[in-house]
Structure formats: C-alpha cells, structure tokens
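Step one of this worksheet: look at the structure below.
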Ligand SMILES: Cc1ncc(COP(=O)(O)O)c(C=O)c1O
C-alpha cells in the first residue's frame, strides 16, 4: 500500500485514542445535562468542572476564567465583539495585525462596517509585529488590541508579553478601558503558554489543533474583565455563553489539554528535530526556495516554503496523489487571485506568495514520514517547473549570463 | 474534486516544453489571476504537426495546456479553430465552476496563435 503522510496538523489534528477513550462514556451512559440537579446532572457537571481545571492548567489560568465555546472562531468572535460592544462608550478603535486568522480579520472587518476604526499593523519580512508600531498606534479611544500569539501559516510567535507590558503602562497612565486579546489557537500544545507571563486579558483556544475533536474551543477571560455575551438565553458558563454544554467534547478537550501539558517538552523536541531535518533536506535538494517567517521565533512543527516558478496548488495535488497532505494559503477562484495575505504581508512578490506551501508536523510524525516527503517533493517540484514558462525564462537568462556552460 | 484524466495530465503532462522550429509561439496570461499559458505550434501545409505548451498557475491551467496540445496535434488549422471551451471541458471531464477561466485561457491562447499564423 502507498504510504500516507499527513503534514497538515495546522489545519487539524487526529484525535488521540486516549482522548476518544475519555470522552466515550459521555457519548453513551453518562449523558446528563450539567444543569440538572439529579445524579445524572451532577455526573456531567463534575466532568465539565474537571475538564475546565485541566484546560486552565495548560495555560496557567484559574478554571473560572475559562468559557467553553464551540470553536476557536467562536472564541475570537466572543472576545472581539464582546469587548468592542461592552467598551463602545469609551471608544471604538481596535488595533490588530495584518496577518491574523480570518476569524479575527472577519470580525474586525464587520465591526469596521458598523462604525469602529481598525488599525492593521504591518509585519516585517520576518513575520513579526513591531512593539513600537503597537505603541504608536494606541489612541485615547483604543479599546482593544488583538494580535495572535502564533501565526497559522508561518508559525511566527509575536512579542505578546512585550505588548502586554505596553498595555499595562497605558493603564497606569489612566487609559483604563484598553484590553488585549491574543489568538493562541495554533500555539497551544506547541509551545508553553502561561497567561500570567503573557499578560493578556483574553486568549483563544481550539480543541482540534491539539488532538481533541472539532467543535470545541475556549476563551480565557482574565478575572474582572467584562464582556458582552454573544449567545443569550441561558445561564451556562456563568451567563457568558448560553447553551447546554457539549459535555463529551469538553471532556475530550480536558483530556487533550492534560496530555499536551504532560507531553509538551517531548512533543516540541521531537517535532522541532524533524522539522529542522526536513528543512535541511529541502535546502539541499531543491534550488530557488525561500523559507518564510522568522527562523527562531516560530512554532516547532511548521515549515512554510515558497517554491519559485510554480504555484502551490499544483504541488499540493501532486503530493496528494502520492499520499502526502499539505496545504497552501492561496486560493484561486473564479479567476481572481487571492495569494496568501500572510505571505504577501511579509513583502514577498506575488510569485513567491503563490508558490508558498505549508508543511505542519504532528506529535506522531516519524522520521520515515519525513524521509518519504524528501524523496517525493523534489520530483514533484521539478515536474511542475519543467512546464513553467517562468522557469524556462529563468533558465534562459541564466544560460545567457554564463555562455561558457 | 478533479477527474482521473485531470490528475493524469497534472502528473504526466503531455507535450510540455518548447519547439525547435515553431511556426508560431504565443504566450497569454489571465490579467486577473496571473495564470500563464504558452503555446508553440509547428504547422505544415495547413495541418498542426506538433504542439507544445508551458503553463504557470493553478492546476486547471496546467492541465488545460496539456490537454489542448493533445487535442490539436494532427488537426487542420480550420478544425483547430473550431474547438470550443466546451470541447475542452468534455475532454477533461469537467471543471469546478470557479476554475472555468482555465479553459477560457487555453482556447483564447489557441485562437490567438491561429490568428497570428494567418496574419503571417
Ligand atoms: C490561528 C487560528 N485562529 C483561529 C482558528 C479557528 O479555529 P476553529 O477551527 O476551531 O474555528 C484557527 C484554525 O484554523 C487558527 O489557526
């Protein structure tokens, strides 16, 4: 049978069998509603409480500071809209970055259409926001800064603690209605996270990026921070998110968080070693490649590479037909090109943005997996380059410059 | 999402490259998405003897380049001029609607090549 290698863990991860095992009873006999007073309800309530404790431990928070939601997207919506609506009397200015996930970008855009002002900070070629830019962007009517902890396409880790420091300084100067949110959906389970050290007020998480099922996320809201609930009509999650709790998913998320905390160092070490081996292999075997994002300040599982002269989607399908799953940030639809806004924000030209491919490893990716990819990838790139007019032109120009060869 | 024929052409493109003694070479690009297709034809006594392509862009553009060279090789110039986008789509087993522009680019490039041939 053909080998199958999944290198798209930034899109989603497989569910850990230990997580499945933990959640199964809550899909079968332990079906109670946590709001019910009887034993069935108490059993479910206890499970939710325990899971909340485990997720809180993953990020160094108090359990009551966590709100379970349906996804990372919902966590981002709740954080940004919740703060924006609550703080509207004090100002309607939001600061964000140019490389946020669509679930942050989309909410900011929607608020913009309703009268909020949004400042989108650029990133350098390394994919990092400059703290000085944040400082310069803060205005008296700024109520929210939302900048992701780690980027989903290139994995760069933003200077969140430094930005928090700025925010605290601002507050000391009397700017009391200013809050700081960070989207940690990609970061969780791939780097140590401690909300006290990060100093943020709100932080988004999603279960399916750390070996729990899809459909469960959480928003950390520092004690004392008030936000306008976006889901109304029930007292769940201390009135901040109505709706009967998704008990099996919450239990699964708790278990996954527990495992992520226990195994974090080993996972990081393993993924980083394999990722670095992969990148060395690519650099040795393939010419005209550009590695995107800061070399050190980035998540250990991810590698984003632009292959000159070709387009990422062709490479994706080529690899897929050989059992290798990766992803691109660009989408070409109905004749309009949308080269990855993230790669474009690094200042790369359109060809490099279109040629960018994301390889994201998981805790169970093996050396054999990487070797197989290193065997297949150079041929796939070469076969696409052979039919590329850009490549032929470059070859021609090179031959002209060195006529002796 | 894509047909078997499509995948086959993507992984094994036919007639890729340049021609040593082409009768005509044209390169067209889709101004909106930047996809490019280059066609080179060698024509002898009103018949397309050989066709080669180079393509850059999304997979349907690459595949349409490969398929169209197969379709026109051996055809008379008049018959080649009658090929439509639908003929191309039928041959490759359809395309998602948002990728239709790839077939349009291929037919457009062919038309242009044949026009230029007549003009010479
Ligand atoms: C950085 C980031 N934020 C938010 C999300 C959305 O999370 P979810 O898929 O749980 O809605 C993702 C998922 O792709 C992400 O990578």
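The values are calculated or read from the model by the stated rules, or taken from the named source; none is laboratory data. Everything quoted here is computed from the prediction, not taken from an experiment. Don't worry about glycine lacking a Cβ; one is built from the backbone with ideal geometry, like all the others, and counts go over all protein chains shown.
For every residue, the table says whether it meets (1) free of Cβ contacts under 8 Å to residues at least 12 places away in the same chain; (2) outside the structural domain of residue A:189 (by TED's automatic domain parsing); (3) loosely packed, with under 14 Cβ neighbours inside 10 Å.
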{"residue": "A:42", "(1), (2), (3)": "yes, no, yes"}
{"residue": "A:91", "(1), (2), (3)": "no, no, no"}
{"residue": "A:101", "(1), (2), (3)": "no, no, no"}
{"residue": "A:125", "(1), (2), (3)": "no, no, yes"}
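Looking across region A:341-353, just one residue is in contact (Cβ under 8 Å) with a residue 60 or more places away in the chain and within 13 Å of chain B (Cβ to nearest Cβ), and that is A:352.
For region B:44-70, give me each residue that is crowded, with 18+ Cβ neighbours inside 10 Å and assigned to a helix (DSSP H, G or I). Spell out the reasoning first.
To start, the set of residues in region B:44-70 that are crowded, with 18+ Cβ neighbours inside 10 Å comprises B:48, B:50-69.
Matches in region B:44-70: B:59, B:60, B:61, B:62, B:63, B:64, B:65, B:66, B:67, B:68, B:69.
Only residues that are surrounded by fewer than 21 Cβ atoms within 10 Å (Cβ to Cβ) and assigned to a loop (DSSP other than H, G, I, E, B) were counted in region A:227-239, giving 8. Examine region B:1-23 for a residue that is away from chain A (no Cβ under 11 Å), in contact with a helix residue (DSSP H, G or I) (Cβ under 9 Å, 6 or more places away or on another chain), outside any loop (DSSP other than H, G, I, E, B) and at pLDDT 95 or above, and state whether such a residue exists. No, region B:1-23 contains no residue that is away from chain A (no Cβ under 11 Å), in contact with a helix residue (DSSP H, G or I) (Cβ under 9 Å, 6 or more places away or on another chain), outside any loop (DSSP other than H, G, I, E, B) and at pLDDT 95 or above.
Within region B:93-120, the set of residues being away from chain A (no Cβ under 14 Å) and assigned to a loop (DSSP other than H, G, I, E, B) comprises B:93, B:94, B:120.
Do we find that residue A:125 is part of a loop (DSSP other than H, G, I, E, B), within 16 Å of the ligand (Cβ to nearest atom), closer than 27 Å to residue A:303 by Cβ and out of contact with any helix residue (DSSP H, G or I) (no Cβ under 6 Å at 6 or more places or on another chain) in this structure? No.
Return yes when residue B:118 is at pLDDT below 95, at negative phi and surrounded by fewer than 21 Cβ atoms within 10 Å (Cβ to Cβ) and no when it is not. For residue B:118, the condition - at pLDDT below 95, at negative phi and surrounded by fewer than 21 Cβ atoms within 10 Å (Cβ to Cβ) - is met. Just so you know, in region A:91-109 the residues that are more than 16 Å from the ligand (Cβ to nearest atom) and either touching a helix residue (DSSP H, G or I) at 6+ places or on another chain (Cβ under 8 Å) or farther than 20 Å from residue A:134 by Cα (or both) include one that is farthest from the other protein chains (Cβ to nearest Cβ), and it is A:92.
Counting just the residues of region A:354-383 that are within 22 Å of residue B:35 (Cβ to Cβ) and in contact with a strand residue (DSSP E or B) (Cβ under 8 Å, 6 or more places away or on another chain), which one comes out nearest to the other protein chains (Cβ to nearest Cβ)? Step by step, filter region A:354-383, then rank; the result is A:354.
Scanning region A:386-405 for residues that are in a helix (DSSP H, G or I) and facing another protein chain (nearest Cβ under 10 Å), we see that the one that is surrounded by the fewest Cβ atoms within 10 Å (Cβ to Cβ) is A:396. Taking strands (runs of 3 or more DSSP E) as the structural unit, those lying wholly within region A:140-226 and holding at least 1 residues that are within 26 Å of residue A:246 (Cβ to Cβ) and more than 16 Å from the ligand (Cβ to nearest atom) correspond to A:217-221.
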